[in-house]
Structures are given as C-alpha cells and as structure tokens.
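Each value in this text was obtained by applying a stated rule to the coordinates, not by laboratory testing. All values reported here derive from a predicted model rather than from experimental measurement.
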Amino acid sequence: MIRAISVIPGIATIILFMVVFVDLSARENPHGDIGWDCDACHTPEGWNLVKESPGFSHSKTGFPLTGAHKDAGCRSCHKELKFAYIGIECADCHTDVHRAQFGIECRNCHTPVDWQDRKDILQTHAERGFPLVGVHVIVDCDACHISQGREEFVGTPIECEGCHIDNFNGTADPNHSLANFGLDCQECHPAVSSSWNQAVFQHPRQFALRGAHTTVNCSGCHLEMFAGTPQLCFGCHENDYNSVSVPSHVTLGFPTDCEACHNEVAWSGATFDHVQASGFELVAIHSTLSCVDCHVNNQYDLPRECIGCHQNDYNAVSDPNHINAGFPEDCTQCHNQNGWSPATFDHNLTGFPLTGQHLSIDCSGCHLNGQFSGTPSDCWSCHQDDYNNVVDPDHVDNDFSQDCTQCHTTNGWTPATFDHSQTQFPLSGAHLVLSCIACHSSGYNNTPTACFACHEHDYNNTTDPNHLAAGFPTSCEQCHNTNNWEQTIWDHDNLYFPIYSGRHQGEWNLCADCHVNPNNYEVFECIFCHEHNQPDMDERHDGIPGYVYESTACYNCHPDGE
C-alpha cells in the first residue's frame, strides 16, 4: 500500500512535465528561433539577470558587446525581444543625423565607448582637404558645419574667408578693407595659432620690424592707410627731431638721418659717434655726462684741451694752489678722465721720487704754503725735529750723522735699520735682538768690541767651572758663541780627555769630581774615583817603565781612559 502511494507522485511529475512541454511546444518562442534553453542566458536568481555562459556569448553572434553597448539593456537593440536576424550596422539602431553625407559607417567617426568620442576625425578631415590644426582642433563641429539651422558637412568651404569674412570686415586695427588686404587670411593668421588675434604678418623686407617697432600697434605708423607709408625714420619722427632740446637738433643743424645716432631699440640712449664727429673721444667720466654738461647753451664748437673747460677748476683749487705753484695748464700731467680727483702727479719725474710713507702724505705736508719750487730733497730738512728730539739713542749727544738714510727708510721712521755690519762689530746671534742702549749705555763713541768688556760680570760669577779661580782666559769666544751664552764649544774629549764618551760617559756630575782643586783646573785626580790601592797597582805595573802611583802617570799611559 505504501509502495503504491509513493509511485503516484512520480507519475504525477512526469505527467506534469509532459503537459508543460506540450504547452511550450505549442507556444511561439518570444526570442525568435534561438531555442528554449532558458538557462543558457537566464539564472535561477532572477529571470532578468542575463548571463554570458558557455552555452551563449554575444561575441558568437557577430556583434561583440563593447563600450557603451555593455551597459545597454537588451530591449535597447532587441525591440519586442526579437533576437534572431537583427541588424548589426550602426544605422540599424542610430538615426543618421548627417543625412547620408558621410555614409552609413558611423564607426568611421564614432566609437562604442561614447557616441560623442569621435575617432580619427583629424585623419578624416585631412583626407577631405582641410586638416584640423591650431584652434580648429578644439572647435565644435557645429561652429563650422551649420547652415540654416542644420548641420551641413558636404560642400563646407575650406577657405578662411568662408567662415571669417565677418572678422575680416569688422577688424579696425588695422582696417583690412581700407588697407586692401588680401583674403588669404593665413598670410597673417596661421592655422596653427591658438588665437585669431595672434597675427604674424610678415613685414616687407624693405622695412623689417626690429626693436621697439615690433611692439608698436599697426595704427601707430599706418594711420588708416598702409600703402605709401614712408620708410625713412624722419617720415615718422619729424616731430621728435623738431622738439628735442638737449641737444637742439634744429639749432645745431643735425642731419635728419636719425639712425646715425638712434636705434630701433629705443629713441633715447643715442649713440652719437663723438670721435668721428668731433675728434674728441668720450671715455671714463666724460662718457657718463649729458651733452649740455659740456655744450652749454648748445655751443658745440668747444676747445679740445682740458683747460678749455676746466679753467675754473684750475684757478679755484687750493691744495695745492695751482696758480701760486705755477703748475702747467696741461691737466693730463696730473689728472685723468676717470675723475678730477685724486690726481696722479708723477713725482718720479722730479728729483725726489715718492716711496713708502711719502706716498700717503698730502702735498701740503711737504710743500708748505703751496710752495712747490725749491723744496729740499734731503731728509734732514724736513726731519730735523725728529733728529733733535729722539732719546733712544740720543742722536745729538752721540753726534749721529744727519744722513737719515743710513738708519731709516721711507717705509717708516721706526724701526731703524742701522747696518751694524759696516762697523767693527757686526751683530750676530743674540746681539741682533738687543736694544742699542743695552750695549751703548755710555754712548756710541768708543764702545769696546771685546766680549769681556760687556760680559766681565758673567765671567766673574760663573762657578761651574769657576772661570776666575781657574784662571780661564778672558777671550770668551774661545768657548762661547753669540747665539747662546750657555752653548759653549769647549771640546774636552778631543782637546784633553774623553768624559762625554767612552767609559767616563755618565760617570761624573761636576767638574770638581776630577778637578779637585777649584783654583787650578790643571790639577786632576784619577785614583779618587777608581778606588785603586797602591800595593795592587804596584804589583800589576811591575816592570812597566815610568810607572808612578799618581794621577798624572795614569793619564800618560791611559790618555783615552781605556
């Protein structure tokens, strides 16, 4: 019973499926003849969710979905859900607003990404004889292709005046109609320009625009008319020529050949060739002066000599007074064009060339009261007070020579550079840094030259060794030098006995270790240090001629300490 009941639902399902199948077979497929395999495109999640599947792909239909087509609803193209045998040409869906002027291949200009994204329009325009360049690239199609309120693409003129005749007629600066300009706009307005106002008119070669002329407005020279405009400067600048007063061109009869002095960069800043015109070259400070600084009241026949303009300067100067000093009127001997002062009088041309400190002294320092002639050239005449007042050393008491150059130079009154080598006592070593008074405390005449005369105190007070007790000679230079009193040149090793080398090196401390009599350095002892005893020495020297147990005998046999 249970088994029979379970079979009944299965039979019912089969019967239901057959009924539905028969029903579907009897119905007309709303998608045309693409079949009843619904799950090839639809999903169980929603009937309107169309899918791409292995069973269906739009690319297999010959019309792959790209760009905006991906997002378009099926009914946008498949009206009434008709899918079979639908046209795949753009014109099948898109109305031809161009009225077949470009054919039906919309894709030549448009792309599936965006209907407004026109592709290859530059190439298309170039192929039709009007390449888009400059501002034309960004202009909307309607700006050119519009006629009586609708777009027209066929028969659009390609000459500039076809679109720009109103610009041509309406331009006032310059007035193209009055100037009889040609209609070939590209002679002045190149197509590559980014603006109609960027005119690049090529001025005729006979009057090429340069300098300030490149910035002047056309109407500045071409007053309404362009033909017959004069090309000479004077033709435009006659008023400038007549009105200028510094210098007055009219009064002076300057030529009307303006470019002789002026240039096209600027009317001011003339470059008049003063040398060629007058024979007087303007250099240094003269090159910075205004014309009227020299040419007062437009007087141009001026003298070429300095005194001709500078007579007042010559007469008024007081330091030095040129008139009283009888200076020549050839100003160039002392002055130059860099500046009236400082003067550069060449004192070397006199009998007294200036050197050292004399270079920085004002003229009046030597030439008192403006007197320049007869000025003495010896030092004493100017420096007598210095000679009389100096105390270290006193030049008067010591009867120094009045030839100052023996000790002094023009670099400075001090320090003096007396050449002691010209005396009987050339200075060397430590003597070079001593002040004069250290040796010449009693004056400069008859100063002794022997060392002992100055160093007697050093001789008497030396204790190691005691020079006085030892009866050392007073000829100090035998042991000492002028570089350092302590650096003696007493050669004990070679002259007498090696105490700085050999076995005695480092075995003594004081001279008195050997020289036991401080009053006589000729007396020395050996046996006091070596702790000999006479019996042993007598036995060891038995049979040696001249042996005596005393220090002098030791020295006679052992002069080198060995």
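Which helices of the chain meet both criteria: a Cα extent of 18 Å or more along the helical axis and a mean Kyte-Doolittle score no lower than 1.6, with helices taken as whole DSSP H segments? Before the final figure, lay out the partial values.
On the way: long enough: 2-26 (37 Å, 2.08).
Result, helices passing both filters: 2-26.
Would you please state the base-10 log of I(q)/I(0) at q = 0.11 1/Å for the range 221-320, with intensities from the Debye formula using one equal scatterer on every alpha carbon?
Cα-only, vacuum Debye calculation for the range 221-320: -0.47.
Quick one: what are the phi-derived ³J(HN,Hα) couplings along the range 554-562, Karplus 6.51/-1.76/1.60 with θ = phi - 60°, whole Hz, x for glycine and proline?
Taking θ as phi minus 60°, the curve returns 4, 5, 5, 8, 10, x, 9, x, 9 Hz for the range 554-562.
Tabulate in residue order the Karplus-calculated ³J(HN,Hα) for the range 485-501, using 6.51 cos²θ - 1.76 cosθ + 1.60 with θ = phi - 60°, rounded to whole Hz; enter x for Gly and Pro.
4, 7, 8, 7, 10, 5, 9, 5, 5, 8, 7, 10, 8, x, 10, 9, 8
Would you calculate, for the chain, the mean residue ellipticity at 222 nm contributed by helices, counting each DSSP H stretch of 4 or more residues as -39,500 (n - 2.57) and dividing by all residues, to the nearest 500? Don't skip to the end; give the middle numbers.
On the way: 22 runs with 154 residues, N = 562.
Using -39500 (n - 2.57) per qualifying helix, the result is -7000 deg cm²/dmol.
If you average the alpha carbon positions of the range 299-348 and of the range 178-241, how far apart do those two centres end up, in angstrom?
So the separation of the two Cα centres works out to 54 Å.
What value in Å³ per residue do you get for the convex hull of the alpha-carbon atoms in the range 428-562? Each step should come with its number before you reach the end.
Working: hull volume 17.5 nm³, N = 135.
Spelled out: Cα convex hull of the range 428-562, divided by residues, is 130 Å³.
What does the convex hull of the Cα atoms of the range 379-439 come to per residue, in Å³, rounded to a whole number? The partial results should precede the final answer.
On the way: hull volume 5.9 nm³, N = 61.
That works out to 96 Å³ per residue.
Sequence gap of 8 or more, or different chains, plus Cα separation below 23 Å: how many lysine pairs satisfy both in the chain?
10
Work out the P(r) tail for the chain: percent of alpha carbon pairs separated by more than 48 Å, whole number.
On the way: 108043 of 157641 pairs.
Result for the distance tail: 69 percent.
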